[in-house]
């Protein structure tokens with residue numbers, strides 16, 4: 001049986017009781033995190049461009065969006081909200097993808113339009129999250145490193161398609177078609193790393209939108225290739241030099257990868273999280289003049305050793321959020337969570353960029369593994385002739401629920417100043433607050449559907 005057939009069969013048979021309580025505990029935090037990231041991302045200029053374009057193109061609908069309270073049809077809402085959630089590097093992360101920005105927006109928009117039941121939305125979220133992540137794992141990291149494809153966008157369109165297929169109640173045959181159609185919609189390249197451009201901000205929203213449209217096409221009878229994930233012309237082989245279809249179905253139903261999604265503490269790439277945490281701990285422990293820091297040495301993961309995370313000349317938010325030297329220097333100067341434009345210090349304060357040029361990065365995978373967001377790191381600072389070492393320990397997987405809730409609560413606090421007492425954003429914020437505070441996931445989803 002092909003991997004495509006196996007995941008469709010799994011999706012058809014899945015019922016909420018088939019997943020453990022820990023899956024729903026994790027998903028509760030992740031849904032709240034989606035709202036926090038969406039409210040913050042909707043304040044960014046690139047989101048305003050996308051939202052404005054979609055309004056200009058015309059059409060209204062019943063699906064709520066972050067930012068201005070504008071309502072769109074489900075397709076446009078999936079795009080606009082996906083861009084919001086992923087638009088400021090604050091959404092939760094997993095090696096296999098970012099389903100918070102690819103699966104959740106499509107399902108929320110469609111559920112609001114069709115007034116889906118909470119049980120069906122819950123089924124669709126679990127399936128979309130899990131199978132989207134598994135598709136990303138099947139692509140392997142070499143799809144990104146060697147071929148330049150943005151893996152969360154490629155696997156994300158499959159997660160969106162199969163999640164919305166579950167919500168629509170499609171038959172197995174039509175669900176296979178939805179996955180087949182979505183595979184032709186997979187897109188996204190990491191050329192944005194060359195100049196810090198905005199294209200990355202589109203990728204996950206577009207995956208959410210195109211996965212949704214694939215399922216709607218299949219609902220109407222449109223067909224796509226079967227067994228589309230594997231084979232010489234399948235999705236995995238097309239995008240990856242080392243396709244691993246077995247990773248998609250391995251331990252399916254007994255291991256839940258979505259539980260290993262990590263909530264970001266800081267608004268930057270995952271590889272920068274542990275370094276920024278160490279820099280903030282140092283900066284908060286003592287006053288520091290950036291000019292007095294003679295040198296900084298970061299010991300980090302093998303991924304952190306890749307040159308694409310080492311740039312110091314960039315000028316955009318994305319340049320900063322992807323750069324270990326720039327994020328370390330910025331984090332020593334300010335808490336990046338405190339302002340949407342923390343990165344403008346690169347121009348306003350020359351000492352920040354000068355310090356970034358004095359950051360040395362040493363990959364030590366034997367200590368910190370492949371991914372710094374999980375493996376931690378060590379920051380060595382040379383200040384006025386003294387050496388200070390700050391270590392960020394590894395993060396457990398699955399992550400401690402209390403710590404995750406605390407991080408999301410902090411993000412929600414940073415949203416409050418930009419959210420008025422009334423309107424759609426205020427309701428979004430109240431629902432997320434309640435989820436972090438202990439409201440059952442089913443209650444929160446019911447309120448989101450009726451928003």
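Extent along the principal axes, Cα only, for segment 270-392: 38, 32, 23 Å, with the longest axis given first.
The length gained on full extension between residue 172 and residue 417, counted as 0.36 nm times the residue separation minus their Cα-Cα distance, comes to 83.6 nm. Which of the three applies to segment 327-451, rounded, prolate or oblate, going by the alpha-carbon gyration tensor with a ≥ b ≥ c and a/c under 1.5 meaning rounded? Oblate shape, in that a/c is at least 1.5 and b/c is the bigger or equal ratio. Among bridges DSSP assigns within segment 270-392, what percent are antiparallel (round to 5)? Rounded to the nearest five, the antiparallel share is 70 percent.
Dividing the summed -39500 (n - 2.57) terms of all DSSP H runs of n ≥ 4 by the residue count of the chain sets its mean residue ellipticity at 222 nm at -16500 deg cm²/dmol.
Which residues among segment 96-124 fall inside the zone where the amide N is under 15 Å from a point 7 Å beyond the Cα of residue 250, along Cα→Cβ? Residues passing the 15 Å test: 96.
Over segment 220-320, the alpha carbon radius of gyration divided by the compact-protein estimate 2.2 N^0.38 Å works out to 1.67. The listed peptides 318-331, 2-15, ordered by packing as a protection proxy, come out as 318-331, 2-15 (highest mean of other Cβ atoms within 10 Å first). In segment 217-264, the alpha-carbon atoms span a convex hull of 163 Å³ per residue. What do you get for the angle between helix 21-41 and the principal long axis of the chain? Use alpha-carbon atoms, 0 to 90 degrees, nearest ten. So the helix axis and the longest Cα principal axis differ by about 70 degrees.
Between the Cα long axis of helix 172-185 and the first principal axis of the chain there is an angle of about 40°, rounded to the nearest 10. Among 153-166, 25-38, sorting by the average number of other beta carbon atoms lying within 10 angstrom of each residue, highest first, gives 153-166, 25-38. Seen against the Cα atoms of the chain and their longest principal axis, helix 74-86 is set at about 20 degrees. For the pair segment 228-264 / segment 146-184, the C-alpha centres are spaced 12 Å from each other.
Let's test this: bin the Cα-Cα distances of segment 49-105 at 5 Å from zero up to the farthest pair and state each bin's percent. P(r) for segment 49-105, in whole percents per bin: 4, 21, 30, 21, 13, 7, 3, 0.
Using 1/(1 + (r/R0)^6) with R0 = 41 angstrom and r between the beta carbons of residue 25 and residue 357, what's the FRET efficiency to the nearest 0.05?
The pair residue 25/residue 357 has a calculated efficiency of 0.40.
With both residues required to sit in the chain, DSSP beta bridges show an antiparallel share near 75%.
Provide the gained length on full extension for the span residue 295 to residue 406, in nm with one decimal, where the gain is 0.36 nm per separating residue minus the Cα-Cα distance.
Gain on extension, residue 295 to residue 406, equals 36.7 nm.
Each label was represented as a point 7 Å from its Cα along the Cα-to-Cβ direction; for residue 366 and residue 6 these points are 3.6 nm apart.
Shape class of segment 322-386 from the Cα gyration tensor (axes a ≥ b ≥ c, square roots of the eigenvalues): oblate, since a/c reaches 1.5 or more and a/b does not exceed b/c.
Stretch residue 222-residue 189 to full length: gain in nm at 0.36 nm per residue minus the Cα-Cα span? Could you put the intermediate results ahead of the total?
Values: separation 33, 0.36 × 33 = 11.88 nm, distance 2.73 nm.
Gain on stretching residue 222 to residue 189: 9.1 nm.
With N the number of residues in the chain, Rg(Cα) / (2.2 N^0.38 Å) evaluates to 0.94.
Values quoted throughout were computed directly from the atomic coordinates according to the rules given, and no laboratory measurement underlies them. Every value quoted in this text rests on a predicted model; they were computed, and no experiment measured them. Every residue, glycine among them, receives a Cβ derived from its backbone with ideal geometry; neighbour counts consider all protein chains shown.
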